[in-house]
Structures are given as C-alpha cells and as structure tokens.
Amino acid sequence: MKISDSIPHSWAEPWKIKAVEHISLISQEERVEALTEAGWNTFLLRSQDVYIDLLTDSGTAAMSDVQWAAMMTGDEAYAGSKDYYYLEQTVQEYYGFKHLIPTHQGRGAEHLLSQCMIRPGQYVPGNMYFTTTKFHQTYAGGTFVDIITDEAFDPQSDFPFKGNVDLAKLQKLVDEHGAESIAYVSLETNVNMAGGQPVSMENIKALSEYCRSKKIAVMLDATRAVENAYFIKIREKGYEDKSIPEILLEICSYTDGCTMSGKKDCLVNIGGFLAINDDLLAEKARGLVVCFEGLHTYGGMAGRDMNAMAVGIQESVEYDYIRARVEQTRYLAQRIVDFGVPVVRPFGGHAVYLDIKQILPHVPQDHFPAQRFAGELYLEGGIRAMERGAVSAGRDGEGKNIFPELELVRLTLPRRVYTQSHLDVVSECVARVCARAKEMRGLRMIFEPQELRFFQARFEPQEG
Ligand code: PM9
C-alpha cells in the first residue's frame with residue numbers, strides 16, 4: 001500500500017463565511033439565573049443568554065449572498081409582486097404543484113389546508129404527529145390517527161426508513177370507517193418527531209396507489225422533503241444516480257399538494273406556502289388566505305422574502321449543499337455516540353435526538369426527564385436544545401397527559417450556521433451532562449398553557 005492510499009479524502013462545507021455574528025458564554029451563575037427566570041423552558045430563554053443555539057432549524061439558517069441580493073431587489077407591491085410569480089414558477093419547477101398560496105410560515109398553510117379539507121368528525125391519518133399540524137387538524141374538527149411504521153417507536157432500530165407509513169394501519173382505519181371518513185392522509189417527509197427519519201420512495205408510491213384507488217388525497221408536509229430526497233439517494237436502491245431535484249419531483253408527484261414551512265429546507269428566516277394541484281381547492285384556499293394571512297399574492301410574506309425563498313429553494317437542492325447539511329448532523333451524532341451516549345438511530349437529517357429514556361431511566365415520564373435534560377445542557381455549557389417528549393405531546397381529548405414512546409432531547413442544526421468546532425463543544429457538553437445523569441431528578445410543571453404547551457409552560461426542579 002502506498003502511503004497516499006491511507007490519507008483520507010475529507011470534504012468541507014461548500015461555503016465560506018462572509019459576515020459573522022458574535023456569541024459568548026455567560027457565567028454559570030448567570031445561566032442559573034436565566035434558566036430559573038425562564039421556568040426551565042428553553043423556549044423562554046433570551047437568545048443573548050445562549051452560547052450555541054440548537055433549539056431549532058426553523059428560520060435560523062444563514063442566507064447566502066445571492067439570497068441577500070435578492071432581498072434588495074424585492075418588489076413590495078401590495079398586489080401582483082414579481083416575486084410572487086418568481087416563487088410560483090420556482091415551486092412549480094422543483095415541487096411540481098400547480099397552485100401556490102404563500103403564507104407567513106408553515107402553520108399558516110396547515111391552517112388553510114385543515115380548514116379547507118377537514119369536515120368535523122373526520123380522521124386524518126399521518127406518519128406520526130407534529131405539534132402544529134395536529135393542532136390545526138384537531139382545531140378543524142378532525143382526529144389525528146398515527147399510521148407510522150412500528151420501527152419508528154424503537155430508538156435503537158436501524159431500519160433505514162423509519163418515517164414509512166404502515167399501510168396495514170391505514171387500510172384498517174379505512175375498512176373500519178370508510179374512505180369518506182378520511183379527510184386526507186397527512187404524509188410528512190423526514191419525520192421530525194421520529195428523529196428526522198425519512199420515508200422511502202417505494203412507500204410513498206405504494207401509499208399513493210392505495211389512496212388513489214380509494215379516492216383519498218395525500219397531502220405532503222414538505223418542510224424537510226429535500227433532506228428526505230438525500231436519504232433516498234444514499235439509501236434506496238435505484239436512486240443512486242438520480243439527482244436531488246429529480247427525486248424531489250418524484251416524491252411530490254405521488255401526492256396532491258403540500259404544506260411548507262419555508263423556514264427549514266427553503267433556507268429563509270420566515271415564510272411558508274400551500275401548494276396544490278386541484279383548482280377548486282386552490283380557489284377555496286385563496287378565499288381563506290385573504291382573511292387570515294394577506295392577499296393571495298403575498299400571504300404574509302414581504303416581496304423580498306418570496307424572492308429570497310425562490311433562491312433558497314434552488315440552493316437547497318444542490319447536491320453539495322444537502323450533503324454537507326445532512327453529513328454535519330451525522331458528524332455531531334457520531335461524536336456524541338463516541339462518548340457512549342444513546343441517540344436515536346439511524347442518525348436523522350436535521351437534528352440529533354438524545355434517547356432520554358435510556359439516559360435518565362430513573363426519572364418517571366411525568367417528571368418530564370427530557371425537559372430536565374435540556375435545562376441541564378444549558379446550565380452545563382449554554383447549549384440550547386428542545387424537549388421532544390411528554391411536554392411536547394400534550395394532553396388527549398379527555399385532558400389526560402399523553403406519554404409518548406419517545407422521550408427525546410433534540411439538538412437541531414441550523415443550516416450553514418455552525419462549524420465543526422461548535423459541534424465538538426456541543427458533544428463534550430452532552431457527555432458531561434450524561435456523566436452526572438444518575439444524580440439528576442425531574443421537573444414539576446407549574447404553569448401549563450392550554451394549547452401547544454411546550455412553547456410556554458414553566459417548570460421547577462422536583463428537588464425544589
Ligand atoms: N417545526 C421545529 O422546530 C418549529 C417550531 S414548532 C416546535 O421543528 C413540520 C414538520 C415542522 C414545523 C415546524 C411545522 C410548522 C410544520 N411541519 O414553524 O409554522 O417541523 O413554520 O412550521 C419547528 P412553522
């Protein structure tokens with residue numbers, strides 16, 4: 001063997017830094033004070049008190065110079081902005097849907113879709129709940145039914161497509177209640193609450209064939225569909241040589257429309273859309289968007305935001321970008337695993353999910369172990385993460401706490417924001433918190449908002 005054969009071929013982020021934003025770590029005493037003031041809820045921390053912010057990948061991306069240039073050329077006309085037409089054309093080209101209804105962010109689109117398509121009493125089957133999505137389905141009078149594959153509930157299963165729909169679960173629901181009782185199937189790509197886990201093309205295709213045979217619409221949550229497309233390319237036979245845009249278009253072709261939180265894949269800080277093929281549905285949604293969001297040619301976004309989003313969509317499907325994005329997540333996950341910390345497997349697309357049931361087995365779920373761990377991570381090193389367990393799951397229709405199978409802390413990677421050194425610091429912090437896990441106790445909820453409680457709930461340590 002030649003020495004040169006043993007030299008690795010590393011690759012690096014396909015961008016360099018042009019503007020920087022200062023961050024600093026406040027003292028341990030200040031962090032204790034900040035977390036106490038925030039009621040042990042990382043959503044209630046001030047970002048100035050956070051050192052490395054892995055709360056979310058939503059609206060936290062660094063825009064490119066081309067996107068910033070697009071901001072400067074935004075057309076701020078109230079009606080018929082050129083940027084609306086540019087975004088419409090871009091969505092048609094990359095996602096393949098005919099009609100575009102812009103919204104201020106993803107939940108705006110979820111609201112429109114739920115109000116247009118759900119009749120009270122109908123079921124909305126989906127591959128695992130997402131907080132805001134389920135809220136809007138319930139608010140419209142629907143009942144969410146989880147039809148995700150069982151593998152999704154096992155954090156240690158290495159099944160490559162844990163986002164898949166279990167068609168037998170869907171069939172059972174349809175057989176029991178009839179196709180007319182199903183509002184639509186809500187299909188999420190790269191399922192967030194399961195750990196950023198993809199759906200296979202084979203599964204999407206089979207779902208589509210079944211639903212079309214029953215005249216049930218499939219509505220995509222395309223928030224992280226590009227990340228899903230990358231996983232299909234690297235994991236699914238027959239897709240190795242297809243481009244990301246080809247795979248993305250194929251995913252969408254099996255569905256009838258999508259909601260989009262543009263704050264994720266589309267690489268912008270605000271914005272979203274509903275995109276659909278059906279003319280009548282589009283007319284209905286346009287009727288509602290003017291009541292809740294804004295005129296149908298801006299729907300809550302400024303012209304410059306639509307322009308930057310169109311550029312962001314084009315950048316998001318570049319292979320070098322999406323590879324760096326997902327592989328950065330893998331880097332962090334591997335570093336954490338190397339310290340012996342259990343995480344959800346296989347590693348997800350946008351975040352690393354710590355398996356808190358294994359890390360804090362002695363803390364009962366009604367003492368909110370993941371919420372506690374997220375707080376401890378902040379105390380340890382100013383790292384902000386998000387609870388994705390019993391607090392996020394909320395309560396059922398009878399008001400009882402839902403205790404989900406997965407009790408997780410999510411370390412979410414903003415796009416194009418942090419370097420490998422930041423991730424090294426994060427992994428070491430996680431390991432240090434885990435080293436004192438045995439002494440850790442849970443939390444008591446002392447304030448609980450009625451809806452989406454994880455955003456604003458407040459807690460106190462069990463030990464007082
Ligand atoms: N996701 C996230 O951090 C933003 C805050 S909610 C905890 O993961 C999916 C799959 C999402 C999502 C937001 C939305 C809503 C819909 N679907 O936040 O309204 O992950 O733009 O999108 C968040 P908006």
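Readers should treat all values here as calculations from the given coordinates under stated rules, not as data from a laboratory. Source: prediction; values computed, not measured. All Cβ positions, glycine included, derive from the backbone under ideal geometry; neighbour counts span all protein chains shown.
Taking region 221-269 only, how many residues are within 14 Å of the ligand (Cβ to nearest atom) and within 19 Å of residue 159 (Cβ to Cβ)?
3
With respect to the conditions (1) assigned to a helix (DSSP H, G or I); (2) within 16 Å of the ligand (Cβ to nearest atom); (3) in contact with a Cys (Cβ under 8 Å, 6 or more places away or on another chain), residue 281 falls short on a single one, namely (2). Taking the stated definitions as given, is residue 23 assigned to a loop (DSSP other than H, G, I, E, B), within 24 Å of residue 266 (Cβ to Cβ), free of Cβ contacts under 8 Å to residues at least 40 places away in the same chain and not charged (D, E, K, R)? So residue 23 fails the test. Residues that are of a type in the set (S, T, N, Q) and at positive phi within region 183-217 comprise just one, 190. Output the residue which, of all residues in region 310-331 that are in contact with a Cys (Cβ under 7 Å, 6 or more places away or on another chain) and closer than 19 Å to residue 232 by Cβ, is surrounded by the most Cβ atoms within 10 Å (Cβ to Cβ). The qualifying residue surrounded by the most Cβ atoms within 10 Å (Cβ to Cβ) is 316.
Here's the yes/no breakdown for (1) within 18 Å of residue 173 (Cα to Cα); (2) among the polar types (S, T, N, Q); (3) surrounded by fewer than 20 Cβ atoms within 10 Å (Cβ to Cβ):
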{"site": "103", "(1), (2), (3)": "no, yes, no"}
{"site": "106", "(1), (2), (3)": "no, no, no"}
{"site": "115", "(1), (2), (3)": "no, yes, yes"}
{"site": "119", "(1), (2), (3)": "yes, no, yes"}
{"site": "123", "(1), (2), (3)": "yes, no, no"}
{"site": "139", "(1), (2), (3)": "no, no, yes"}
{"site": "143", "(1), (2), (3)": "yes, yes, yes"}
{"site": "152", "(1), (2), (3)": "no, no, no"}
{"site": "158", "(1), (2), (3)": "no, no, yes"}
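Filter region 393-425 down to residues that are touching a Lys or Arg at 6+ places or on another chain (Cβ under 8 Å) and assigned to a helix (DSSP H, G or I), then give me how many there are. Number satisfying all stated conditions: 2.
Scanning region 189-206 for residues that are surrounded by fewer than 24 Cβ atoms within 10 Å (Cβ to Cβ), part of a helix (DSSP H, G or I) and in contact with a helix residue (DSSP H, G or I) (Cβ under 7 Å, 6 or more places away or on another chain) gives 201, 206.
None of 424, 396 is charged (D, E, K, R) and in contact (Cβ under 8 Å) with a residue 12 or more places away in the chain except 424.
Identify all residues within region 315-335 that are assigned to a helix (DSSP H, G or I) and aliphatic (A, V, I, L, M); write none if there are none.
322, 324, 326, 332, 333
When the residues of region 47-105 are filtered to those that are closer than 16 Å to residue 416 by Cβ and acidic (Asp, Glu), which remaining residue is farthest from the ligand (Cβ to nearest atom)? Among those residues, the one meeting the criterion is 65. Checked against the criterion of being part of a strand (DSSP E or B), small (Gly, Ala, Ser) and touching a residue at least 60 places away in the same chain (Cβ under 8 Å), region 359-374 contains not a single residue that satisfies it. Residues of region 431-464 that are in contact (Cβ under 8 Å) with a residue 12 or more places away in the chain, of a type outside the set (Lys, Arg) and either within 16 Å of the ligand (Cβ to nearest atom) or at positive phi (or both): 451, 452, 454, 455, 456, 457. Does any residue in region 206-230 that is farther than 30 Å from residue 414 by Cα come within less than 7 Å, Cβ to Cβ, of a residue that is within 16 Å of the ligand (Cβ to nearest atom) and of a type in the set (Ser, Thr, Tyr) six or more places away or on a different chain, and which pairs are these? Pairs found: 208/255; 216/184; 217/184.
When the residues of region 449-464 are filtered to those that are over 18 Å from residue 407 (Cβ atoms) and of a type in the set (D, E, K, R), which remaining residue is surrounded by the most Cβ atoms within 10 Å (Cβ to Cβ)? The qualifying residue surrounded by the most Cβ atoms within 10 Å (Cβ to Cβ) is 458. Count of region 419-440 residues, restricted to those that are loosely packed, with under 15 Cβ neighbours inside 10 Å and within 18 Å of residue 361 (Cβ to Cβ), is 4. If the condition is being more than 23 Å from the chain's Cα centre (by Cα) and crowded, with 22+ Cβ neighbours inside 10 Å, then region 62-101 contributes 70, 81, 83, 84. Scanning region 106-129 for residues that are of a type in the set (Phe, Trp, Tyr) and within 16 Å of the ligand (Cβ to nearest atom) turns up just one, 129. The set of residues in region 269-298 being surrounded by fewer than 24 Cβ atoms within 10 Å (Cβ to Cβ), in contact with a strand residue (DSSP E or B) (Cβ under 8 Å, 6 or more places away or on another chain) and closer than 16 Å to residue 118 by Cβ consists of 278, 281.
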